[in-house]
Amino acid sequence: MKNNKLNIYLTVIILALIAILVLDKRFLPGNSPRPQLSRSNADLIGTVMQLIKTDYLEEPNPIRTTEGAFRGLINSLDPLSAYLDKDLAARYLNEKKSPASTGLILFKKYGIFPVVTGVRQNSPAAKAGLKVGDNISAINDKSTLNMSLLEVNLLLETAEPESNKPIKLRVVRGNDTLEFQVIPDFVIAPELKAEEKSGLILLKTPSIYTGLSQEIKKDLSSSLKSKTANIKSIVLDLRDCQDGNYEEAVKTINLFLKAEEIGYFERRGEKKSLSCPQKALFPDQKLIIWVNQATCGPAELVAAVLQDFKRARVIGVETPGLVGKQESFPLPDGSLVVLTTEIFSLKSGVKLWDNSIPLSTKLPFSSNMDKVYLDTTKKLLSSNN
């Protein structure tokens with residue numbers, strides 16, 4: 001009986017390993033054709049499986065090993081695809097729209113630790129002393145090395161912020177290993193912050209949330225109508241701008257640009273063009289967009305399209321290139337597979353997947369990035385006059 005069980009789970013692992021070799025990240029459209037599985041690859045897999053069967057010190061746990069194979073197969077595809085066990089799957093499917101979190105913004109690829117790309121102001125993570133560039137090596141003593149980005153984010157969130165239950169983080173910072181206790185009670189408010197400063201209208205948003213374009217329209221209309229205002233440029237601050245929806249991103253672009261086609265989402269054998277058909281309300285005002293390493297998804301779409309049409313200048317540091325859509329596929333045991341099924345390309349043909357959006361001006365890192373962004377913007381404006 002034991003040998004039968006062992007053979008069954010080994011077969012599952014072999015199929016998973018073969019799938020990894022066959023997929024090789026080429027399931028996305030626009031990439032090179034799938035490679036053929038060679039005889040040498042098949043022989044190698046067979047040899048490894050035979051060694052596990054005959055020489056491993058004990059009979060492996062079939063459930064744990066099979067789940068590990070699924071996790072490795074899915075999580076290694078790209079940063080946003082993920083395998084979730086049934087507990088995390090239930091949390092993901094039942095999650096509130098704005099769960100409480102630590103305030104950390106992370107980026108992660110399979111096989112490396114998640115790196116902090118942003119820390120929300122006044123969040124528990126900021127108060128605890130976490131910094132951009134920190135590597136989160138463990139969450140509640142569980143290694144993050146082979147987790148997906150989605151799994152890490154779920155473990156750093158809670159639907160019950162009032163519980164005051166801290167999360168233990170082990171952090172690698174340079175040559176030091178540090179530990180933090182952080183309570184996930186920070187909720188991001190979907191709110192546009194607008195201010196006038198040095199002849200600039202500064203608009204900052206934490207995400208591309210539903211209704212954002214209407215708020216931008218309202219604030220800009222009010223500021224531009226003021227007879228006392230001496231507005232040199234609009235600055236759309238998309239630093240640390242994560243999440244949101246692509247429909248709202250298109251509406252935001254349409255405030256500044258009218259175009260029949262701005263680019264397209266592509267999936268297997270299908271392209272879906274996006275357009276901004278309405279009359280642009282602010283077609284002529286100078287526009288500068290700020291981005292950083294935590295500008296993701298819909299925010300990347302906004303910045304890249306407006307730059308692609310030469311409607312805005314984008315300044316900052318390289319973005320992760322995560323303009324794609326994911327779909328969820330429940331499995332019979334209650335676990336869940338989340339797969340990237342569509343990626344976006346600009347009208348010019350540039351893919352916004354695993355590539356930073358093109359930058360007009362790339363900025364160096366500094367201890368005071370706010371000042372660097374503002375000074376660079378003023379310099380650009382003065383050089384254009």
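Per-structure values
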read-out	value
Any hit, the stretch 200-209, residues being aliphatic (A, V, I, L, M) and touching a Lys or Arg at 6+ places or on another chain (Cβ under 7 Å)	yes
Evaluation of residue 302 against (1) assigned to a loop (DSSP other than H, G, I, E, B); (2) at pLDDT 95 or above (one fails), failing number	(1)
Which numbered condition residue 151 fails, given (1) within 28 Å of residue 332 (Cβ to Cβ); (2) at pLDDT 90 or above; (3) more than 16 Å from the chain's Cα centre (by Cα)	(3)
Which listed residue, of 178, 192, is farther than 22 Å from residue 338 by Cβ and touching a helix residue (DSSP H, G or I) at 6+ places or on another chain (Cβ under 7 Å)	192
Selected residue [modelled with pLDDT under 95 and either touching a helix residue (DSSP H, G or I) at 6+ places or on another chain (Cβ under 9 Å) or assigned by TED's automatic domain parsing to the domain that holds residue 243 (or both)] from 169, 200	200
Some residue of the stretch 224-245 being among the aliphatic types (A, V, I, L, M), assigned to a loop (DSSP other than H, G, I, E, B) and more than 22 Å from residue 348 (Cβ to Cβ)	yes
Candidate set from the stretch 337-384 (those that are small (Gly, Ala, Ser) and in a loop (DSSP other than H, G, I, E, B)); member that is nearest to residue 73 (Cα to Cα)	356
Count of the stretch 298-313 residues which are touching a Pro at 6+ places or on another chain (Cβ under 9 Å) and over 17 Å from residue 259 (Cβ atoms)	1
Among the residues listed as 301, 381, the single one being in contact with a Lys or Arg (Cβ under 6 Å, 6 or more places away or on another chain), among the hydrophobic types (A, V, I, L, M, F, W, C) and closer than 22 Å to residue 216 by Cα	381
Sole residue being under 24 Å from residue 204 (Cα atoms) and surrounded by fewer than 24 Cβ atoms within 10 Å (Cβ to Cβ), chosen from 316, 297, 244	244
Residue check, residue 265 more than 22 Å from the chain's Cα centre (by Cα) and either of a type outside the set (D, E, K, R) or over 27 Å from residue 103 (Cα atoms) (or both)	no
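The values are calculated or read from the model by the stated rules, or taken from the named source; none is laboratory data. Computed from a prediction, not measured in an experiment: that's the story for all the values here. Counting neighbours? That spans all protein chains shown, and the Cβs are built from the backbone with ideal geometry, glycine included.
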